[in-house]
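Beneath this line is the structure, given in structure tokens, with notes to follow.
What follows draws every value from the coordinates through simple rules; no lab data is involved. On a predicted model such as this, the values are computed, not experimentally measured, just so you know. All Cβ positions, glycine included, derive from the backbone under ideal geometry; neighbour counts span all protein chains shown.
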Amino acid sequence: MDAKKMSKFCQPFRIVLGAGLVGYGVYSGNSWFYLGAIPLIAGLTNFCPLCGITGQCPVIGKK
């Protein structure tokens with residue numbers, strides 16, 4: 001699997017998860033939830049470094 005290409009499920013999942021975590025961080029004032037920017041950026045740029053390291057998408061598993 002190419003690290004620059006995520007599966008069709010993985011990209012929107014990361015965008016929604018990241019936006020939700022950042023949004024909750026803004027709402028609650030807890031700065032730990034700003035780490036949601038990591039999956040958000042990975043989803044928006046369609047780049048998954050973990051997929052490149054492991055050779056598979058960790059969200060879905062082997063294809």
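Going by average Cβ density within 10 Å per residue, which order do the peptides 8-14, 22-28, 38-44 take, highest to lowest? Walk me through the intermediate numbers first.
Working: 8-14: 15.7, 22-28: 13.1, 38-44: 17.6.
Descending mean neighbour count gives 38-44, 8-14, 22-28.
List, in order, the whole-Hz ³J(HN,Hα) value for each residue of the range 23-34 obtained from phi through the Karplus relation with A = 6.51, B = -1.76, C = 1.60 and θ = phi - 60°; use x for Gly and Pro.
Values per residue, Gly and Pro as x: x, 5, x, 5, 5, 8, x, 8, 6, 5, 6, 5 Hz.
Work out how much length Tyr24 to Gln56 would gain on full extension: take 0.36 nm times their residue separation and subtract the Cα-Cα distance, in nm to one decimal.
8.6 nm
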